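First the structure, in the form of structure tokens, and then the observations on it.
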Amino acid sequence: MSEEAACKAKYPTTPTAETVIVNANGTLANVFVYVKAGLPAAATYPVPATPVVLDQNGCRYHPHVLGVMVGQNFEIQNSDPVLHNIKAKALKNRPFNVSQPSAGMKTMRTFAAPEVMVALECNVHGWMNAFLGVLPHPFYAVSGADGSFSIKGLPPGTYTIEAWHEKYGTQTATVTIAGAAPKTQDFTFAAH
């Protein structure tokens with residue numbers, strides 16, 4: 001990051017890699033958690049009108065892990081006064097590589113098929129990367145600074161929930177939702 005003075009100036013100290021962020025309470029941030037199975041096959045869900053935003057700021061992608069629904073607008077913006085690009089290394093969707101040479105630029109894309117996960121990277125700055133989960137439903141979340149996540153609105157039923165982490169892989173659990181009572185599910189990843 002020291003190669004880009006405009007980005008380096010945005011941090012009081014050199015930031016650490018985002019691959020593994022262990023929170024103060026020993027939990028992981030940036031874990032993508034979603035319903036992998038159990039929803040009715042014929043069910044459809046309204047696509048939010050609000051776009052999901054990925055910001056290139058301080059020579060990093062913000063957020064590092066995010067989700068979007070199939071057909072939902074995915075807005076990529078450049079908040080840095082330097083050239084960035086975003087390369088989506090999709091396997092089930094059409095890949096793209098978009099250049100944004102100046103601050104304030106915005107690009108909109110959508111994804112046509114579910115895909116967990118799409119790797120995003122910048123060819124200009126090799127340390128910039130992010131991961132995007134594309135789902136046909138809204139039942140997903142990303143663990144935050146306290147390691148927690150919340151999936152809201154899931155109807156009663158039994159589901160396979162998967163937790164994905166870029167270094168530690170996946171963990172799955174079977175969860176049964178009965179009525180409106182909240183349900184807690186923990187995932188444990190082994191360090192390697």
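Out of all the residues in the stretch 144-185, which are farther than 24 Å from residue 131 by Cβ and among the aliphatic types (A, V, I, L, M)? Can you show your working first?
Step one: filter the stretch 144-185 for residues farther than 24 Å from residue 131 by Cβ, giving 155-158, 174, 176-184.
If the condition is that a residue be farther than 24 Å from residue 131 by Cβ and among the aliphatic types (A, V, I, L, M), then 177, 178, 180, 181 are the ones that fit.
Among residues of the stretch 117-135 that are within 19 Å of residue 92 (Cβ to Cβ), those with a Cβ under 6 angstrom from a residue that is in a loop (DSSP other than H, G, I, E, B) and open to solvent by less than 30 Å² (accessible area, probe 1.4 Å), sequence gap 6+ or separate chain, pair up as 118/90; 130/64; 134/111. Only a single criterion out of (1) of a type outside the set (Val, Ile, Thr); (2) under 19 Å from residue 65 (Cα atoms); (3) open to solvent by 70 Å² or more (accessible area, probe 1.4 Å) is not satisfied by residue 83, namely (2).
One residue stands out among those in the stretch 29-64 that are within 14 Å of the chain's Cα centre (by Cα) and among the hydrophobic types (A, V, I, L, M, F, W, C): the one that is farthest from residue 88 (Cα to Cα), which is 29. Filtering the stretch 27-64 to residues that are surrounded by fewer than 21 Cβ atoms within 10 Å (Cβ to Cβ) and in a strand (DSSP E or B) leaves 28, 35, 36, 37, 52, 53, 55, 62.
Tell me yes or no: at least one residue of the stretch 92-104 is surrounded by fewer than 18 Cβ atoms within 10 Å (Cβ to Cβ), touching a Ser or Thr at 6+ places or on another chain (Cβ under 7 Å) and either farther than 26 Å from residue 48 by Cα or modelled with pLDDT of 95 or more (or both). Quick ask: steps written out before the conclusion?
First, pick out the residues of the stretch 92-104 that are surrounded by fewer than 18 Cβ atoms within 10 Å (Cβ to Cβ): 92, 94-99, 101-104.
Of the ones still in play, those that are also touching a Ser or Thr at 6+ places or on another chain (Cβ under 7 Å) are 98, 103.
From what's left, either farther than 26 Å from residue 48 by Cα or modelled with pLDDT of 95 or more (or both): 103.
Yes, because at least one residue in the stretch 92-104 is surrounded by fewer than 18 Cβ atoms within 10 Å (Cβ to Cβ), touching a Ser or Thr at 6+ places or on another chain (Cβ under 7 Å) and either farther than 26 Å from residue 48 by Cα or modelled with pLDDT of 95 or more (or both).
The residue pairs whose first member lies in the stretch 170-186 and is under 16 Å from residue 37 (Cβ atoms), whose second member is of a type in the set (D, E, K, R), and whose beta carbons are closer than 8 Å, counting only pairs six or more residues apart or on different chains, are 170/162; 171/162; 172/36; 172/162; 175/183; 176/183; 177/183.
The values are calculated or read from the model by the stated rules, or taken from the named source; none is laboratory data. Nothing here was measured: the structure is a model prediction, and the numbers come from that model. In this analysis, Cβ positions are derived from the backbone assuming ideal geometry, glycine residues included, and neighbour counts consider all displayed protein chains. Just the protein is used for accessible areas: all its heavy atoms, side chains included, with ligands, DNA and RNA removed. Shrake-Rupley method; radii C 1.70, N 1.55, O 1.52, S 1.80 Å.
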